[in-house]
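Just so it is clear, none of the values below were taken in a lab; they were calculated from the coordinates. The structure presented is a predicted model; accordingly, all values stated were derived computationally and were not measured. Note that we place each Cβ from the backbone using ideal geometry, even for glycine, and neighbour counts take in every protein chain shown.
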Amino acid sequence: MGAQQETDCAVSTTGLRKSFSIGRKRVEAVCGVNLCVGRGEIFGFLGPNGAGKTTTLRMLATLLQIDEGEAIVAGVDVRRRPGDVRRRIGYVGQLGGADLPATGRENLMLQGRLYGASKAETSRRADELIELLALGDFADRSARTYSGGQRRRLEVALGIMHRPDVLFLDEPTTGLDPQNRANLWDQLRALRSTGTTIFLTTHNLEEADALADRVAIIDHGTVVAEGTPLELKRQIGGGMFVVYTGLPPSEMESLRTALAGLEPISEARVDGAAVRLRTDNGRAAMSAIARVLESRNVPLAALSLSEASLGDVFLQQTGRPLRDAGQNITEISR
Amino acid sequence: MNFATQTQLLFRRKMLELIRQPVWIFAGLASPLLYLALFAPLLGALAGGPGFAGSSVLDVFVPGVVILMAFGAGMGAGWITVAELDSGVLERLTVTPASRFALLLGTVLRDMAWLVIPALLVIVVAVPFGFHPNPAGTAVLLALASLLTAMTSAGSSALGIKLRQIGSLAAVVTGLQLPLMLLSGILLPLSLAPTWLQVLAHFDPMYYAVEASRTLAGGSIVSGTVGVAFLVLGGLTVLSLWWATGVYRKALA
């Protein structure tokens, strides 16, 4: 890896590996991850639970020892100088990390001062973040009394208290309602505009698509695809037909099989009350689909043509839909 | 950012946390006062008898209660550590440049401070009922008791990190607490015990503390018993802090 590339990456990893012993078994959690997160971008690490997202993030944030490989964060080698990495990064873990008996402001003050800022400076910065993340109404109440969204905002504020170069967020919007999630997205975009690089993990397709400038899809500890959401979706090419029928769930599978057998259809899967079909030839596919439905006497409720989603990318790369990927195999085959 | 400032900030956080949980304060005071109210009167009949010769019953009993408080004051630390692992606070603090030893000391110093205040209260309450503490000896006694608290506080915090579950921590801590207390001679002086029990007591660090506490409350500061107690507890406290810092470093990266 050349010097040029290192300066372009806020986070770069080469052959990153980590394994754990669970009982007598050795589990490879991360198997050779190579990444380059550009400066000032929001980078989404997308994958099902257990794919190795959090493990990778924790290694980059100095919380887990790296077994093998190299990681450079904010220009500093994580294995050699973890202390210097800590000064340059912010980290908001899945658990959050707000100190619940303390008030929001006390949380911020302690955090700022542990990074060595003076009392006056910390106090100014706390006011700034209370304003930026709209914590004003409750900043002087115990964090125990906060709602989920309020607490998450405080935790993000804690993560950026010392103006880190890189902010790591582990599943930042899990458990938030749609409105709070959208608010947090806006706040993260605002943070990016100040030059902070944001590296977040998510298992939510919509989040990766809407928020991330670039996405890496990880499965079983390996990055299977990387690019902007648009690039990734274009890569799989063609279009998606979504066929909504009035069929009971029990008959969906047989319809899927019939449609999957059509020549212009390259892939078919059941998605709730719909069958999603991938095709490279929309026109041929359309009439073929219509013929199948007619011959089987299936009522068509709606038919839509959509561009591929990141879920389709995941399916194409791993052979299974993202929402099932965290579960066991028997679940998927049913 | 220097280590002293970090420690002071983290100690302050822990003290604020304590002050905001009045339940903890009452719970800390309840058991020693109950011992004084409900157990000490039982000893009255033994006054002047074996083990209590020449002194008031409370002169034997109260110093032991202070040592018992010291042990208990530190033993609770692990509960909070487990809660802080669950809420992610410890993880967040370890991603900051804060020293792991400072993190540990925040808890240990809080427990030490929170031993001294109720211990003084118990001593003062016991005086009108016939406890005759020597002031200088009592000061040294509190120092010795603080050492015991530091030892159990660091040990309990580290155990909390290692076990990660309240249930397993409770099993280990209560499993240790009862035999250590029984062997220390807090309830009744071990001079009443058969030889094998007296021998066994020498493996209990609390035994040395209890022996020294009685000597100290009686006013003899420069004595072999006191010296041995400081050596044993000082050594074990250093060991406990060293081990706990290692556990913090390893488990919290």
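Observations, loosely collected:
- Gap separating the Cα centres of the stretch A:1-76 and the stretch A:226-305, nearest whole Å: 37 Å
- Nearest-ten-degree value, helix A:249-260 long axis tilted from longest Cα axis of chain A: 80 degrees
- The stretch A:180-205-the stretch A:141-159 distance, computed between alpha-carbon centres (Å): 16 Å
- Per-residue average of Cβ from other chains inside 10 Å of A:100-107: 4
- Shielding by partners - mean other protein chain Cβ count within 10 Å, residues of A:151-164: 1
- Centre separation in Å (Cα based) which lies between the stretch B:33-52 and the stretch B:176-191: 15 Å
- Taken along its principal axes, the alpha carbon cloud of the stretch A:58-154 reaches lengths of 46, 29, 21 Å, longest axis first.
- Legend: distances between Cα atoms for A:K53/B:K250; A:K18/B:K14; A:K25/B:K162; A:K25/B:K250; A:K119/B:K250; pairs beyond 29 Å are A:K18/B:K14; A:K119/B:K250.
- Each of A:N34, A:T196, B:A73 was placed along the dipole of the protein assembly as shown (beta-carbon charges, centred on the mean Cα), and the one lying farthest toward the positive end is B:A73.
- Compactness of the stretch A:3-229 - radius of gyration and Dmax, Cα, Å: 17.3, 53
- Dipole magnitude (debye, nearest 20) for the protein assembly as shown, charges at Cβ of Lys, Arg, Asp, Glu: 720 debye
- Sum of -39500 (n - 2.57) over DSSP H runs of 4+, divided by residues of chain A (222 nm, nearest 500): -11500 deg cm²/dmol
- Ranked list, fewest to most other Cβ atoms within 10 Å of each Cβ, for B:K250, A:K53, A:K233, A:K25: A:K25, B:K250, A:K233, A:K53
- Mean sequence separation of contacting Cα pairs (under 8 Å, at least six apart), scaled by the length of the stretch A:238-307, corresponds to a relative contact order of 48 percent.
- Among beta bridges from DSSP that stay inside the protein assembly as shown, the antiparallel ones total about 70%.
- Residue order, fewest to most surrounding Cβ atoms within 10 angstrom, among B:W24, B:W242: B:W242, B:W24
- Exposure proxy ranking, count of Cβ atoms within 10 Å, fewest first, for A:T257, A:T62: A:T257, A:T62
- Residues whose amide H comes within less than 5 Å of that of A:T222, counting only those at least five positions distant or on another chain, are A:C31 (H built at 1.01 Å from N in the peptide plane).
- Computed from Cα atoms, the angle from the helix B:166-184 axis to the main principal axis of chain B rounds to 30 degrees.
- For the segment A:60-66, counting C-beta atoms of other chains within 10 Å of every residue's C-beta and taking the mean gives 2.
- Over chain A, Cα pairs under 8 Å with separation of 6+ residues give a relative contact order of 19 percent.
- Here the Karplus relation 6.51 cos²θ - 1.76 cosθ + 1.60, evaluated at θ = phi - 60°, turns the backbone of the stretch B:209-216 into coupling constants of 5, 5, 4, 5, 4, 5, 4, 5 Hz, with x for every Gly and Pro.
- Annotation: amide H-H contacts under 5 Å for A:G90 (H modelled 1.01 Å from N, sequence separation of 5 or more, or interchain): A:V166, A:L167, A:F168.
- Each Lys and Arg Cβ is given +1 and each Asp and Glu Cβ -1; about its Cα centre, the stretch A:3-229 then shows a dipole of about 760 debye.
- Taking amide H as placed 1.01 Å from N in the peptide plane, the amide H of A:A308 sits under 5 Å from that of A:M240, each at least 5 places away or on another chain.
- Selected from B:T149, B:V127, B:L192, residue furthest toward positive end of dipole (chain B; charges at beta carbon): B:T149
- Fluctuation leader among A:R278, A:R152, A:R144 - chain A, Gaussian network, Cα springs under 10 angstrom: A:R144
- P(r) for the stretch A:238-307, from all Cα pairs and a bin width of 5 Å, is 3, 19, 35, 29, 12, 2 %, short bins first.
- If you wrap the Cα atoms of the protein assembly as shown in a convex hull and average its projected area over all directions, you get 34.2 nm².
- Rg/Rg_globular for the stretch B:115-210, with Rg_globular taken as 2.2 N^0.38 Å and Rg from C-alpha atoms: 1.27
- By the beta carbon rule, with partners counted only under 4.7 Å, chain A holds these lone Cys residues: A:C31.
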